[in-house]
2 protein chains.
Amino acid sequence: MSPYELKTGVRRSSYFLPTLRETPADATLVSHRLMLRGGLIRQASAGLYNWLPLGFRVLKKIERIVRQEQDRIGAHECLMPTIQSADLWRQSGRYEDYGKEMLRITDRHDRALLYGPTNEEAITSIFAETIKTYKELPQLLYHIQWKFRDEVRPRFGVMRAREFYMKDAYSFDCDKQGGIDSYNSMFISYLRTFQRLGVQAIPMRADTGPIGGESSHEFVIIAETGESTIYLDSSLLDMRWALAAQDDRKKYREMVSRATSLYAATSDEHTPLQFDKQVPRSRQIKTHGIEVGHVFFFGDKYSKPLDAKIKAASGEEVFVQMGSYGIGISRLVAAIIESSHDDRGIVWPKSVAPFKVGLICLDTGKYKVSEELYALLCNNGFETLYDDRFDVRAGVKFAEMDLLGLPIQLIVGGKSATSGSIEFKERKSDERHFVPLEQVIPFIRKQSTADSVTIFD
Amino acid sequence: MSPYELKTGVRRSSYFLPTLRETPADATLVSHRLMLRGGLIRQASAGLYNWLPLGFRVLKKIERIVRQEQDRIGAHECLMPTIQSADLWRQSGRYEDYGKEMLRITDRHDRALLYGPTNEEAITSIFAETIKTYKELPQLLYHIQWKFRDEVRPRFGVMRAREFYMKDAYSFDCDKQGGIDSYNSMFISYLRTFQRLGVQAIPMRADTGPIGGESSHEFVIIAETGESTIYLDSSLLDMRWALAAQDDRKKYREMVSRATSLYAATSDEHTPLQFDKQVPRSRQIKTHGIEVGHVFFFGDKYSKPLDAKIKAASGEEVFVQMGSYGIGISRLVAAIIESSHDDRGIVWPKSVAPFKVGLICLDTGKYKVSEELYALLCNNGFETLYDDRFDVRAGVKFAEMDLLGLPIQLIVGGKSATSGSIEFKERKSDERHFVPLEQVIPFIRKQSTADSVTIFD
């Protein structure tokens, strides 16, 4: 078992991996095409997707990194049901507001239910019946659960699916300054999360939309194929985020202020004059992006109608100050592909690749060597997809492995056969080395160590 | 991080753990009462539950063991959406059959959807569009997902909730013998799974119910408080299951035949005469149980209407032979409590306990020692709930720790203070030892090694 609780090695011959050689006609977005071709997903019906084993692994790896970074800042994981009663939404006033995007359901006793599109009401209600005093604050609670938004025209695969997987967190504080400090710590945690996922996600001032509230930022992944045009200061791309202690609120304030002081705007909020004034020409970037996270501070917007009061240190009863914080996990699978692919297929960042190594055996004569190497890789904890098929041509195997985008390919037989060594290929750079069998593990390990230089310094 | 991807240690003072001193009036089942009192769950609305952080940890631990045992027999994990189109269910003929337990939904375009109560149709459809030849068989696919059954009277907490978490697996084989072999390997895997979860689950011949098919067994956990009365041969309780190689079909057949040859029946299927004839008086047990797993072999019941055909080795096209296999993960949390508690609270089996150690500090004077011990425990990977509160009486802390049922309690201060050592208490046996601080980690480790004697020999 790998640390991801996923199988370390699988054999291609018995794996459930239906790749496609043809590009599906109805998929316009590159991530949608690659996910279908690579056997990561299959559509179940409009806006609903089956995650096949390879896609499921990526989903779980993203989930794990998101979870670890939530835990790091002291958030506690819980889990709320997907189906909610309409009552709380009537109380908050959002039942009618949400419109047709909300999937409304009537049960056998004619009670009004809905498939949760978000959970502000549900978590506020749990909080209200549980926490009564400032002594038990601050609290940060999160869950990772399926949500549903009944999009008029679901499209772009899992990028804009109706049922989607999301992490949503909620902060509870005694007063506004405490609430803003929680917002800041989540803000910084998001920067770390996206860095670990191997993508550039830029925080941008945003509209508060249906969640509402006083303050809000979107986190946008840069991808040429993204839906929205964005304008930003290139210094944002070079920023690295120090891992501050959990309660170093002052440092967090400084970091957020630094991150939000640089120019970054979607086309809606873009002002050319301001851009030119604030950013030197050489640092001006115009590109495209995909929203993958969103943070809100909304004070007592939900605590008031849902009567979530606490006793403050002063003795008086006050409404708890809240924020909410989302990351679209299933959408990230597509967004990462949008930001990292080439004309041969996906190029997974190492932290989320479904397997680290793709092992290809080309000759039946080299069967024993490749079996030995496969065992070695698994025993050393390197997640490996082993293409052990002999009824498939070498060219087809190479093309498929490039399509799947695993960081490292190891090729046994073929060109390497004469030299008695294994061909090592890095998918991203296409760099190749010939390495003797007994050197393969140390070679991969050395490369991995070079990669894992911490990004939080 | 522990291997479970859950935080290794948490402080009681900042944890979201709303325990109750009073027994909730409307909860009749002991597991329901203990889960509410222990702060594991809160009701969201009828038959819908919020999993609070402590309960969530147990859910995840059960899920992990179930996953590992599915992976061990070569099953591949995927994930299907919770919402399904009604079309496939019309094709299989079950759309009308399922009655009011199925939650039917209409989307904004007036298309008929439903919240999946099970996934035979969905997985058969994925299979049908993917696998075309016997060369790619056998296949075992599973997923772990939320399901919904609109019970008339949801009750007993998560034991009979409307939204529930379940592992369901599906096997695909060329012919009937292959199908039965897949059934057998899943059957044995279930025995192992339940043993690892620390419960006795007895396989019993069962009705095939709404899933249908030719062959079916229920797995029933013995619990005095269970819904059904069961009769069995006590030899079943002493059986241990060897970990056979994945493809040792002959051995699996023998094991299943051995496990099913002994008498075990629910009251519906119980025949006193047969019981007396087959089982010596000294081995006759009458007790109660809770169904936690169910396996079915149903041949072409779904592959025929959904047209899931493959090319057999003979060249002819045949319908694929299928089975399905469920384990109720959220229900297991309650079932394990039913089978393992005492009058003070829950007694978690070690494999699923939310934390291994409950650390209690009694004196402010011992604060430094307990902080040191907490750091030691976390650094050594022992999951610890640290009761670091000083505004709560010792008696309340002891009662709460017993209620929560963590396997080991460590008490700093109080009686142990004078001797300069730490009090070690095993929750289940109430056995106590006084151990010097520097000996605590080796002491726990020694105890854990003694426990971990493999049960698969």
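The values are calculated or read from the model by the stated rules, or taken from the named source; none is laboratory data. As the structure is a computational prediction, the values presented were derived from the model and not from experiment. When we count neighbours, we look across all protein chains shown, and the Cβ atoms used for this are built from the backbone with ideal geometry, even at glycine. Protein only, heavy atoms only, side chains kept; ligands, DNA and RNA dropped before computing areas. Shrake-Rupley method; radii C 1.70, N 1.55, O 1.52, S 1.80 Å.
Annotation note: chymotrypsin sites (Phe, Trp or Tyr not before Pro) in the stretch A:319-419 located in DSSP loop regions with a Cβ neighbour count of at most 14 within 10 Å are A:390. Note on residue B:90 and residue B:175: with the Förster distance fixed at 35 Å, the Cβ-Cβ geometry gives a FRET efficiency of about 0.75. Quick one: plug the Kirkwood hydrodynamic radius of chain B (C-alpha pairs) into Stokes-Einstein at 10 °C, 1.306 mPa s, and report D in µm²/s. Using the Kirkwood radius from Cα pairs, D works out to 66 µm²/s. Positive contributions from Lys and Arg (+1) and negative ones from Asp and Glu (-1), summed over other residues with Cβ under 12 Å from the Cβ of residue A:83, come out at +3. Charge dipole of the stretch A:281-367 (Cα centre as origin; +1 on each Lys and Arg Cβ, -1 on each Asp and Glu Cβ, all else neutral): 300 debye, rounded to the nearest 20.
PRE reach from residue A:434 (point 7 Å along Cα→Cβ): which of the stretch A:380-422 fall under 14 Å by backbone N? Those under the cut-off are A:411-422. In this assembly, the B-A interface accounts for approximately 5600 Å² of buried accessible surface in total, computed with a 1.4 Å probe and without ligands, DNA or RNA.
Residue B:339 sits among other residues whose Cβ lies under 14 Å from its own Cβ, and their net charge, with Lys and Arg +1 and Asp and Glu -1, is -3.
The distance between label points at residue B:380 and residue A:72 comes to 2.8 nm (points 7 Å beyond Cα on the Cα→Cβ vector). Legend: residue pairs A:356/B:309; A:366/B:176; A:356/B:446; A:286/A:428, Cα-Cα distance threshold 27 Å; pairs beyond threshold, A:356/B:309; A:366/B:176; A:356/B:446. Checking the cross-link pairs A:100/B:60; A:167/B:147; A:100/B:304 against a 31 Å limit on the alpha carbon distance flags A:100/B:60; A:100/B:304 as lying beyond it. Contact order, relative form, for chain B: 18 percent (alpha carbon pairs under 8 Å, 6 or more residues apart, mean separation divided by residue count). What residues of the stretch A:59-80 lie in the reach of a label at residue A:130, counting those whose backbone N is under 11 Å from a point 7 Å from the Cα along Cα→Cβ? Residues A:76-80 fall inside that zone. Taking every full run of DSSP H in chain B, the ones that stretch at least 20 Å from end to end by Cα along their long axis and average -1.0 or higher on the Kyte-Doolittle scale are B:53-72, B:176-196. Using the rule -39500 (n - 2.57) for each DSSP H run of four or more residues, divided by the residues of the protein assembly as shown, the 222 nm mean residue ellipticity is -9500 deg cm²/dmol. By DSSP, the beta bridges lying fully in the protein assembly as shown are antiparallel in about 85 percent of cases. Here is the list for the stretch A:126-184: GluC sites (Glu not before Pro) lying in DSSP coil, each with at most 14 other C-beta atoms within 10 angstrom of its C-beta, are A:129.
The stretch B:346-402 and the stretch A:273-322 have Cα centres separated by 37 Å. Label positions at residue A:372 and residue A:350, each projected 7 Å from the Cα along the C-beta direction, are separated by 2.7 nm. For chain B, the dipole from Cβ point charges (+1 on Lys and Arg, -1 on Asp and Glu) about the Cα centre works out to 920 debye, to the nearest 20. Express in whole angstrom the spacing between the alpha-carbon centres of the stretch B:1-72 and the stretch B:90-162. About 26 Å separates the Cα centre of the stretch B:1-72 from the one of the stretch B:90-162.
Could you give, in nm with one decimal, how far residue B:314 is from each other copy of that position, shortest first, with labels 7 Å out from Cα toward Cβ? Once sorted, the set of distances for residue B:314 reads 8.6 nm.
Once the Cβ-Cβ distance of residue A:155 and residue B:100 is raised to the sixth power relative to R0 = 25 Å, the FRET efficiency obtained is 0.15. The label-point distance for residue A:391 and residue A:248, in a model that sets each label 7 Å from Cα toward Cβ, rounds to 6.0 nm. Inter-chain neighbour count for A:138-146: the average number of beta-carbon atoms from partner chains within 10 Å of each residue's beta-carbon is 2.
A Cβ-based charge dipole, computed about the Cα centre of the protein assembly as shown with Lys and Arg at +1 and Asp and Glu at -1, lands at about 1040 debye.
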